[in-house]
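The values are calculated or read from the model by the stated rules, or taken from the named source; none is laboratory data. For clarity, every value in this text was computed on a predicted model and none was experimentally measured. Every residue, glycine as well, gets a Cβ built from its backbone with ideal geometry; the counts of neighbours run over all protein chains shown.
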């Protein structure tokens, strides 16, 4: 039963209201002055859910009482009730963080609305969200069972992310929240299993001669991004800031979108498909070169780094951008920055402000660093123990990082922002054994090497890598990709690595989260 504290020096005149509220099941405590009200709310036995407070009382005024209540119990909502409509009183009350403001005379429906809004809102919203998801659950399941185009899979990823975000935002009792999240997780597992089968069936056909261009047959992929999303903006004379956030998932985009909406308007929001492997070496080099990895290796061997090499796999991105512009005979000048530290970001801000180049590219590695540190640090695992917490850390970083300031200023300076990523990540749960050559790469979501042998039926293998534009380190090399929430571990110390990597965020394999990724164009808010 919710407990109401009603404070008014003329409380006897409010008996009809009190009788009405008690009839609705509320426990109403009354006080005729501020001192008595403070005594009630400061009591250790106090279970007050909301306070209705008269502004004009003798002795301790309503505003003075409000200040003391907020000091003692800042979490309790206070609704100020007054005869005065003077603006300065309203502003002072709002400044003291009142929950609501009612002008006398009030009617019972106003009081009931306040209670619904400030005491029961979470429960009402929670119940409605859960009811809506239960109604849509069948539609999503049908979409999963019948999806046959990339657009349909994109819609599925958007729908699952929407419900994951909405349910994660509910402050409901733990058992109910866990139950609803379990439904979404089960549906995502179902979706990823079906998506992996669809990819296995269609992926190779996307690279045949007939589907050499993005069309209804082949989706927009990593090596199409610049031609698809950036060149048309340059052709219209727009100043472009291409921001590539490593490991950036669709749900993370929806998490930070409200912050960017303060100074940007979304012109287009879409998704594109990362090539396989969904790893930085392959996908991001493909973005900046406009080529598939095999084409990079053949045309620009000086810029391609093999899996086993020690050097950074993405140290030639700026050079690859230049090769792309040269191939298309584009004469635009451009800037390229890779931001790993906040101090360097401040220099980027300074350079961007004075830039005359129509194309400006910034690569942000924070989320990639976060996922790696979460794998290696026990403390970080505790801080980001599930998708909701992982999103929360992303939001906190974004809000307090100089990147936020960079993007705000870019809007002020008239840049069109293209916000995207090279691939997403997925939380892995199930280790599967693989036997491989000693020179096989170390990524746990995909393997490339000779004599790959895995007993799992959920692994997608590419026996002829050149057919899908992938380099072949050896004549007999093949690629193997984990699907869903699986990850590879070798038989040697299998249990140790299975435990070490379980529930970490990884990339390289096949899942909606890794392959169906955000591509958003934003312009200055008018």
Those residues of region 1-19 which are surrounded by fewer than 16 Cβ atoms within 10 Å (Cβ to Cβ) and either in a helix (DSSP H, G or I) or in contact with a helix residue (DSSP H, G or I) (Cβ under 8 Å, 6 or more places away or on another chain) (or both), in sequence order: 12, 13, 15, 16, 19
Of the residues in region 118-149, those that are assigned to a helix (DSSP H, G or I), surrounded by 11 or more Cβ atoms within 10 Å (Cβ to Cβ), touching a helix residue (DSSP H, G or I) at 6+ places or on another chain (Cβ under 9 Å) and modelled with pLDDT of 85 or more come to 132, 133, 134, 136, 137, 140, 141, 143, 144
Considering residues that are over 41 Å from the mean Cα position of the chain (by Cα) and in contact (Cβ under 8 Å) with a residue 12 or more places away in the chain, the number found within region 37-62 is 12
When region 42-60 is checked residue by residue, the ones that are at pLDDT 90 or above and closer than 19 Å to residue 99 by Cα are 48, 49, 50, 51, 52, 53, 54
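Residue-by-condition table, conditions (1) more than 26 Å from the chain's Cα centre (by Cα); (2) free of Cβ contacts under 8 Å to residues at least 60 places away in the same chain:
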position	(1), (2)
398	no, no
417	no, no
420	no, no
424	no, no
428	no, no
435	yes, yes
441	yes, no
Could you tell me whether residue 298 is within 26 Å of residue 219 (Cβ to Cβ) and in contact with a helix residue (DSSP H, G or I) (Cβ under 8 Å, 6 or more places away or on another chain)? no
